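Since the structure comes first, as structure tokens, the remarks are kept for the end.
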Amino acid sequence: MTTLTATLSVDCLGGLQEAILDYADRIEGACPAIAESLAQTAAETARAACPVDTGSLSSSIAAESDGDGTARVVAASEHAAFVEFGTGIGTPSGHAKDVQAMGEGGYVVNGTGKGESGWAFPASDGTWKWTHGQSGKGFMAAGVEEARSRVAEVARQAVRR
């Protein structure tokens, strides 16, 4: 069995401290690029994961950055929240944060453990139809999960530049 031995001295610990501080400075300086890259990844994934009807929803998804290390993904379509979280019975998309957001928005679960029982809506043929809504698609949540899975890789690349 091979034994690994390391001898530490004040000089080598000082060198290690300098290397760690340099690395920390590089991470801080790379934060805007890291945030922008992760936002782009999240936006691309969200566009790919959202359902396509007219294309207006997917074309409204974009990454935005203010240049100081803060970036966000915005879905500007008026119906983005309905597609993300769903509009009726059941758990929105299965993501705990979606459930929390819907609760804060007034979504109420009834005695069956599901949402509202349904509602009537006017159909294009002049009649009324009944719906229980649609389930959430979680396209923005998919973008977040993809970006989260790439944080270490993107940070490493940005620091090495």
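The values are calculated or read from the model by the stated rules, or taken from the named source; none is laboratory data. Given the structure is predicted, the values throughout are model-derived calculations rather than measurements. No Cβ is skipped: glycine too gets one built from the backbone with ideal geometry, and neighbour counts run over all protein chains shown. The accessibility values were calculated without ligands, DNA or RNA, using every heavy atom of the protein model including side chains. Shrake-Rupley method; radii C 1.70, N 1.55, O 1.52, S 1.80 Å.
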Inset, instruction - Quick one: Phe85 ticks every box in (1) out of contact with any Pro (no Cβ under 6 Å at 6 or more places or on another chain); (2) over 18 Å from Gln157 (Cα atoms); (3) aromatic (Phe, Trp, Tyr) except a single one, so which number is it? - result: (1)
Legend entry - Of all residues in segment 46-70 being surrounded by fewer than 22 Cβ atoms within 10 Å (Cβ to Cβ) and of a type in the set (Val, Ile, Thr), the one that is nearest to Arg148 (Cα to Cα): Thr70
Legend entry - Glu36 vs. criteria among the acidic types (Asp, Glu) and either farther than 21 Å from Val154 by Cα or buried (at least 18 other Cβ atoms within 10 Å of the Cβ) (or both): yes
Legend entry - Test: Glu44 is closer than 25 Å to Asp68 by Cβ, touching a residue at least 12 places away in the same chain (Cβ under 8 Å) and assigned to a helix (DSSP H, G or I): yes
Inset, instruction - Would you check if there is a residue in segment 8-28 being at pLDDT 85 or above, open to solvent by 50 Å² or more (accessible area, probe 1.4 Å), under 28 Å from Glu153 (Cα atoms) and of a type in the set (Ser, Thr, Tyr)? - result: no
Inset, instruction - Starting from residues that are open to solvent by less than 30 Å² (accessible area, probe 1.4 Å), small (Gly, Ala, Ser) and modelled with pLDDT under 80, keep the ones in segment 71-94 and report whichever is farthest from Pro51 (Cα to Cα). - result: Gly90
